[in-house]
Amino acid sequence: MHAQLLCDHVTVYPLELPTPLPVGPVNAYLLCGMGQCLLVDCGPRYAPAWDALVSGLAQYGLTPADVTGIVLTHGHVDHVGNTRRFQAQGVPVYSHPRVSDWLEPGGAHDAYRAEFYRRLYHDMGVPEEAAARALEGLLLFHRWNDRSVVTHPVRAGEPLPPLPQFQVFEVPGHAQAAIALWNSDSGELLAGDQLLPHISPNPIIEPLPGADSGTAAERSRSLLDYRRSLRELAQLPIKTTYPGHGPVIVDSVPLIHRRLQELEVRRQNVLQCLCRHSPINAYELARLLFPRHTDQVSLILSETLGYLDWLQDEGLAYVAPDEEGVYQWMCA
Ligand SMILES: [Zn+2]
């Protein structure tokens, strides 16, 4: 057995993996010690990512066969696409139970999501052609994914079974089913995409589970979830954050407070823009707020709806459908 696995404390080893996606490289982490070597996230199903994973493991004297478990922080393809490779060897997969929905490319949940976004784009005023392009874009992600399943669901507040010094936190926001791992002895946080060094993650709007069809599904209020999750993390005496993208974060708590302040500033900008153009649908508002990113419909719409939800929550905005069923937002 390798030295890392025998060690009686757990060491975090970062691995940077390339992706074919605009986000750039993604981070995976090895948690080795106490007879375990868990891999937290595993990159997209993309040959250069797999090669980097194998050579990264070799750098620590390990091979894929030494990985004793996979932990997935959330279900996005840049984090989960290689899960099947390990699952096929009988390796357990730990994550939020609903991450399984993301591990079945082209499956029932993808159909549910596609129906949901089709309706959402209509209701939010996205013209048909732009909506069709955005929906097509969502399907493109399938090719970097592969079928697998969460075999060991974990829940907030529970210790991670193979390495109980890590506690599971649920951090909905960027994704609805998302977890972070917290080691209170070492002050280490594995944050997934909830806390990133250079940018704040997009609070992607998702259909909530439980409806008969995606058309009937309610939507998440992801920016409010993201803000709540950040505030929860701000309570922890974090020394080191291992993010899903970018370098390790050493000033975690000040960074979290900075992120929370940035949200307040942007909320103010959105309010001003809304009041100047009200009534306006979310798509048109998104184009005014993000004029350089108008081709990224799903991202700018999620961001804009997030702030509109927040303003509505505070009684500063309200919304009503017009005769075509397109929602018009107004400044209160
Ligand atoms: Zn993500």
- Regarding P48, is this residue within 16 Å of the ligand (Cβ to nearest atom) and farther than 27 Å from P153 by Cβ? no
- Could you grab the pairs with beta carbons closer than 6 Å, sequence gap of 6+ or different chains, first residue in the range 75-90 and near the ligand (Cβ under 10 Å from one of its atoms), second one in a helix (DSSP H, G or I) and among the aliphatic types (A, V, I, L, M)? G75/V99
- Somewhere in the range 160-168, is a residue surrounded by 15 or more Cβ atoms within 10 Å (Cβ to Cβ) and within 23 Å of L208 (Cα to Cα)? yes
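Taking the conditions exactly as written (within 16 Å of the ligand (Cβ to nearest atom) and in contact with a Pro (Cβ under 7 Å, 6 or more places away or on another chain)), does S200 satisfy them or not? If you could, list the steps in order and put the result at the bottom.
Working: within 16 Å of the ligand (Cβ to nearest atom): yes; in contact with a Pro (Cβ under 7 Å, 6 or more places away or on another chain): no.
No.
Might you let me know whether the range 151-166 holds any residue that is over 12 Å from the mean Cα position of the chain (by Cα), within 16 Å of the ligand (Cβ to nearest atom) and in contact (Cβ under 8 Å) with a residue 60 or more places away in the chain?
Initial filter on the range 151-166 (over 12 Å from the mean Cα position of the chain (by Cα)): 151-166.
Checking the rest, the ones that are also within 16 Å of the ligand (Cβ to nearest atom) come to none.
No - not one qualifying residue is present in the range 151-166.
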- Do we have A217 as aliphatic (A, V, I, L, M), away from the ligand (no atom under 14 Å from the Cβ) and in contact with a helix residue (DSSP H, G or I) (Cβ under 7 Å, 6 or more places away or on another chain) here? yes
- Note on the structure: Among L223, L236, the single one that is within 16 Å of the ligand (Cβ to nearest atom) and touching a residue at least 24 places away in the same chain (Cβ under 8 Å) is L223
- Message: As an exercise: evaluate L274 against (1) in contact (Cβ under 8 Å) with a residue 40 or more places away in the chain; (2) buried (at least 19 other Cβ atoms within 10 Å of the Cβ); (3) under 30 Å from F141 (Cβ atoms) and give the number of the one condition it does not meet.
- Response: (3)
- Message: Looking only at the range 204-243, filter to residues that are acidic (D, E) and either assigned to a helix (DSSP H, G or I) or over 16 Å from the mean Cα position of the chain (by Cα) (or both); which one of those is surrounded by the most Cβ atoms within 10 Å (Cβ to Cβ)?
- Response: D225
- Answer from T73, T83, T68 - the residue that is modelled with pLDDT of 95 or more, within 14 Å of the chain's Cα centre (by Cα) and either over 27 Å from I205 (Cα atoms) or polar (S, T, N, Q) (or both): T73
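The values are calculated or read from the model by the stated rules, or taken from the named source; none is laboratory data. Predicted model only: the values in this text are computed from it and were never measured. Neighbour counts run over all protein chains shown; Cβ positions are idealised from the backbone, glycine included.
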